Amino acid sequence: MSNEKPESQKLVLVVEDEKSIADILRFNLELKNYRVSTAYDGEEGLAKARAENPDLILLDIMLPKLIGFDVCEILRGEGNNVPIILLTAREEEDDKVRGLEIGADDYITKPFSMREVVARVEANIRRHAMPQRAAIDSAMAVSGDLAINTDSHQVFRAGQAISLTQREYELLTFLASHPNKVYSRVDLMEQVWNYGYVGDDVRTVDVTVRRLREKIETDPANPQYILTRRGAGYYFAVS
Ligand code: CA
């Protein structure tokens with residue numbers, strides 16, 4: 001491994017108005033060999049996200065000028081699928097669900113340990129960099145009118161491209177590559193989210209499944225692809 005080509009440094013954009021927190025995030029991420037860009041309000045964060053094309057964004061929710069939720073929603077609306085981890089001082093389920101619904105990938109509650117932040121950053125960037133965990137052929141027609149191109153990471157329904165977040169894409173390709181196999185939320189948390197722990201976070205799976213259904217299903221209330229096995233979990237249906 002010693003002659004392995006070093007990976008190019010990844011850029012993390014930190015959007016945080018509390019300078020002491022932004023500084024300590026920068027310090028710890030630079031120790032881990034990330035490049036770090038900082039913004040101290042939502043508008044600056046949005047501008048830098050557009051201009052600098054970061055590999056990941058750490059995004060505070062309570063920000064001057066434009067709150068983190070709005071920054072996230074605007075970027076997703078523009079088709080930007082950069083991994084976004086929300087930072088918040090509040091441990092409110094509503095915030096968490098809202099963040100996930102507008103397309104954030106992850107969520108960290110303050111006060112956080114730097115070890116936790118670095119682990120989450122690494123997990124989210126790794127997932128983004130190596131999305132081809134699913135052993136399915138590129139441009140494989142998966143089922144019905146749904147198709148996944150694992151080269152371009154595009155998903156099509158009836159020939160029309162659908163914009164998915166990285167996490168939604170990962171969840172879909174994972175389930176689709178194991179058709180009709182039921183996975184519990186805990187399984188999915190470990191396999192797709194790559195977390196070595198679970199807990200209340202399994203709610204994250206439900207929210208992501210719901211968002212995914214809204215994008216890929218003709219009738220999200222009566223899904224055809226991602227189905228629920230009551231009391232057991234979720235599976236990708238192939239008849
Ligand atoms: Ca703040």
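The values are calculated or read from the model by the stated rules, or taken from the named source; none is laboratory data. Because the structure is a prediction, the values reported are computed rather than measured. Counting neighbours? That spans all protein chains shown, and the Cβs are built from the backbone with ideal geometry, glycine included. When the accessible area is computed, the model is the full protein with side chains, heavy atoms only, and any ligands, DNA or RNA have been set aside. Shrake-Rupley method; radii C 1.70, N 1.55, O 1.52, S 1.80 Å.
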Inset, instruction - Go through the residues of the range 22-43 one by one and say whether even a single one is more than 16 Å from the ligand (Cβ to nearest atom), in a helix (DSSP H, G or I), touching a residue at least 24 places away in the same chain (Cβ under 8 Å) and closer than 27 Å to R115 by Cβ. - result: yes
Inset, instruction - Name, by its number, the condition in (1) within 14 Å of the ligand (Cβ to nearest atom); (2) touching a Gly at 6+ places or on another chain (Cβ under 7 Å) that does not hold for F112. - result: (2)
Inset, instruction - Go through the range 21-45 and count every residue that is polar (S, T, N, Q) and open to solvent by 30 Å² or more (accessible area, probe 1.4 Å). - result: 2
Legend entry - Residues that are part of a loop (DSSP other than H, G, I, E, B), open to solvent by less than 50 Å² (accessible area, probe 1.4 Å) and either at positive phi or among the aromatic types (F, W, Y) (or both), drawn from the range 212-236: Y225
Legend entry - Residue check for V209: among the hydrophobic types (A, V, I, L, M, F, W, C), modelled with pLDDT under 90 and not assigned by TED's automatic domain parsing to the domain that holds A104: no
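Please work out if V14 is within 13 Å of the ligand (Cβ to nearest atom) and at pLDDT 95 or above.
In short, yes.
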Legend entry - Count of residues meeting criterion [open to solvent by less than 50 Å² (accessible area, probe 1.4 Å) and within 16 Å of the ligand (Cβ to nearest atom)] in the range 46-66: 8
